[in-house]
Structures are given as structure tokens and as C-alpha cells.
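Structure, as C-alpha cells:
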Amino acid sequence: MMKHRIERRPRRSRGRAPRPLPALVALLVAALVLAGCGSGGTNSAAAPTVGIPPAASAAPGATAPASALALQQQFVQVVKQVGPAVVLIRTREGLGSGVIFDAKGDVVTNNHVVDNSDSFQVTLANGRQYQARLVGTFAADDLAVLHIDTGGLHPAAFADSSRLAVGDVALAIGNPLGLQSSVTEGIVSALGRTVNEDNGVALPNVIQTSAPINPGNSGGALVNLEGQVIGIPTLAATDPQLGGGAAAGIGFAIPSNTVRDIASQLVRSGKVTNSHRAFLGVSVAATTSGGTLVTGVQAGSPAAKAGIQTGELITEVDGNATPDPGTLADVLAGLDPGRAVTVAVVRADGSSRQVRVTLGQNPG
């Protein structure tokens with residue numbers, strides 16, 4: 001999250017309307033004289049009536065097609081329907097968004113919105129504010145759940161994200177730059193993307209959208225034209241050629257099916273017991289040796305049980321090359337817990353070996 005300041009430019013003072021120029025008055029008088037409206041004698045011909053020419057008929061206003069008006073009205077209806085379910089989340093680190101998950105007061109958001117904070121304030125769309133407590137987090141999918149003690153909430157409806165198609169209209173509702181209840185629109189640009197966050201977390205099967213995703217949108221709602229949440233906006237693509245600035249029109253959202261599954265587990269038990277995410281159990285770092293360096297092995301993890309050791313390079317997992325930590329995370333994100341895979345390892349002395357690993361559940 002990022003903190004932003006919005007500056008307003010001073011309004012220009014409004015002066016009185018300018019007076020008619022003397023030259024213009026003179027031209028009008030001259031025109032009247034030439035037309036026979038000057039003072040004349042008895043021999044003067046009857047002067048025709050001269051006045052200001054009638055104004056041209058005003059062009060009829062453009063009429064929007066009925067289909068366009070219907071689409072516009074649908075946009076308005078969706079915002080009215082979903083807006084009350086989108087909240088502003090304030091922490092010591094900054095601002096973010098959230099979505100009311102159920103009528104009991106549970107709010108789903110991104111893990112990075114609440115990470116490293118122990119105090120949370122939730123502001124509803126109607127302006128009411130509540131202190132919230134953290135129910136649970138799952139960093140592997142960048143999701144978290146907060147709880148507020150109040151009634152009369154309007155939970156969001158969640159769509160089946162497996163039925164999405166590229167080209168579907170999508171509206172992003174959130175609090176970009178702290179501007180509460182802001183709406184942007186776009187389409188579903190792609191499906192099934194795997195993207196990496198700055199902390200090395202790989203998010204599989206995310207939705208790519210052209211709806212602008214700005215700082216503060218994180219944790220809000222990406223919705224369809226039926227007023228259902230199809231995803232949780234999480235991050236925008238960055239362009240290294242722009243100095244790491246956001247790439248316009250490329251944002252990513254966690255699909256609603258993942259959100260419902262993980263949030264339900266957090267609400268039920270405060271933790272995720274079935275992550276659907278493979279877990280190897282190693283800490284890694286980048287190298288220039290064509291593999292990912294193992295810098296640590298968690299005790300009791302699948303890697304430890306298979307005999308993978310600190311200082312070794314992981315070069316392949318299940319036949320997929322792993323030249324860097326991001327690629328290793330991508331590969332693991334596409335594998336299921338409990339699956340037995342072959343991991344290619346290079347020892348510190350340069351010799352290579354292959355080990356059989358049964359992947360575990362990602363604990364987040």
C-alpha cells in the first residue's frame with residue numbers, strides 16, 4: 001500500500017461578463033443605416049423592417065441507442081448493489097480495501113493490506129467506522145480475513161470464476177488513493193495467469209483485467225454485470241522501462257472461487273487446512289549457475305525428508321527447469337499437494353543427483 005496526498009488547485013475567480021466593444025456597436029449602427037433604417041425625408045422609400053437575424057434552429061440532441069442506455073443503467077445498478085459491500089481498511093501502514101464476506105461481520109481482503117499491522121479500522125460505505133480484529137491470513141494466496149462486531153451488513157455475492165470468459169465486462173470497486181467507493185471499468189483480459197508479488201509469492205490462476213487497479217484498490221471487488229464478485233484486485237503490472245511504474249490497463253485479481261475457499265477456511269478455523277498449493281519446504285535465492293540456491297530447509301518438510309540440503313541447487317522440479325526463485329514458485333504453484341515428483345539437484349561439488357519428493361500442503 002502507498003500513502004498519497006491529493007492537492008486541489010485554487011479556483012479561478014469569476015469576473016463580470018465583458019462589455020460590448022464600441023467598434024461592434026458602430027458596425028451595427030452602420031448596418032442599420034445601409035439597410036434604410038437611418039433618418040429619412042418624405043421621399044424615402046418605405047424602410048424594410050430590419051432586426052437581428054433569427055437564431056438557427058437548435059440541432060436536436062443526440063439520442064443514445066436503447067442498448068447503450070440499458071448497459072449504462074446496468075453499470076449504475078451494479079455499483080448500487082455491490083458498493084455497500086466494499087469497505088475501506090486503514091492500518092498503520094496505509095490504506096486498502098475489503099469485501100464483506102458474510103453477515104456475521106467477516107471481511108475478506110489481501111494479506112498484504114494487513115501484513116505487519118496489529119491495528120485495523122474498517123470504514124463501511126455509509127461512513128460508519130469499526131475497530132477490527134484479525135481472523136487469519138494465508139500469504140500463499142495473499143488473502144486475509146478481518147472481523148467487525150456489528151449487524152445489518154450487506155455481504156457480497158460471489159460468482160463462479162470458472163465460468164469467466166475473456167472479454168467479460170468487469171468493474172473494480174474500491175478505495176484507490178483513499179478515494180472511498182471509487183469505480184473503474186474494463187474487461188477480463190486473460191485467465192489462468194501466474195504472477196509473482198514483490199515478496200516472491202507466486203499467485204496461480206489469477207484474472208488479468210484492464211480495469212485500472214491503483215494503490216488502495218487492493219482487497220476490493222472485481223465484479224461482473226450481475227453484481228457478483230469475480231475476483232479480489234491484488235496488484236498492477238509494473239514496467240521496468242518506466243522505472244517500475246504501473247503498466248496501464250494490466251491488473252490482476254485473485255479469482256472468486258479461490259477467495260471463497262480460502263476465506264471460508266479462515267473463518268471456520270482461523271487457518272488454512274487444505275491450500276491446494278504444493279509445498280517443498282525450502283528457502284531459496286537467485287544465482288547465475290542455472291539453478292535456484294537452497295539457503296535453508298525446514299525441519300520435517302518434504303525437502304528435508306527427501307534429503308535436499310542447504311547449499312545445493314535445484315535445477316528441475318517434475319521436469320520443469322527452475323533457473324530462479326520466481327520460476328520455482330511458479331512450478332510449485334501449479335502442482336498439487338501429495339503429488340510425488342522428481343527434483344534435480346546439483347551438489348556443492350558440482351555433481352548432480354535426482355531425488356523423489358512427495359509434496360506437502362502449503363501452510364501459507
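The values are calculated or read from the model by the stated rules, or taken from the named source; none is laboratory data. If you're wondering where the values come from, they're calculated on a predicted model, not measured in any experiment. Cβ sites come from the backbone with ideal geometry, for glycine too, and all protein chains shown count toward neighbours. These accessible areas exclude ligands, DNA and RNA; they are computed on the full protein's heavy atoms, side chains included. Shrake-Rupley method; radii C 1.70, N 1.55, O 1.52, S 1.80 Å.
Here are the numbers for this structure:
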| read-out | value |
| --- | --- |
| Unique residue being open to solvent by less than 10 Å² (accessible area, probe 1.4 Å), out of contact with any strand residue (DSSP E or B) (no Cβ under 7 Å at 6 or more places or on another chain), at pLDDT below 95 and not basic (K, R) when the list is A278, A248, A299 | A278 |
| Segment 319-364: number of residues that are in a loop (DSSP other than H, G, I, E, B), of a type in the set (A, V, I, L, M, F, W, C) and surrounded by 13 or more Cβ atoms within 10 Å (Cβ to Cβ) | 2 |
| Strands (runs of 3 or more DSSP E) contained in segment 154-214 and holding at least 2 residues touching a residue at least 40 places away in the same chain (Cβ under 8 Å) and surrounded by 21 or more Cβ atoms within 10 Å (Cβ to Cβ) | 169-174, 202-209 |
| Any chance A64 is modelled with pLDDT under 95 and closer than 21 Å to I207 by Cβ | no |
| When residues of segment 107-142 are limited to those that are assigned to a strand (DSSP E or B), in contact (Cβ under 8 Å) with a residue 40 or more places away in the chain and out of contact with any Gly (no Cβ under 8 Å at 6 or more places or on another chain), the one farthest from D330 (Cα to Cα) | T123 |
| In segment 98-110, the residues that are under 20 Å from Q180 (Cα atoms) and not aromatic (F, W, Y) | G98, V99, I100, G105, D106, V107, V108, T109, N110 |
| Which listed residue, of F75, F101, is touching a residue at least 12 places away in the same chain (Cβ under 8 Å), open to solvent by 10 Å² or more (accessible area, probe 1.4 Å), within 16 Å of T258 (Cα to Cα) and of a type in the set (A, V, I, L, M, F, W, C) | F101 |
| Any pair with Cβ under 7 angstrom, 6 or more apart, that starts in segment 249-267 at a residue that is in contact (Cβ under 8 Å) with a residue 60 or more places away in the chain and ends at one that is assigned to a helix (DSSP H, G or I) | I254/D141; P255/S161; S256/S161; N257/S161; N257/S162; T258/D141; I262/D141 |
| Qualifying residue in segment 339-350 (condition: at pLDDT below 95, over 25 Å from G220 (Cα atoms) and of a type in the set (S, T, Y)) | no |
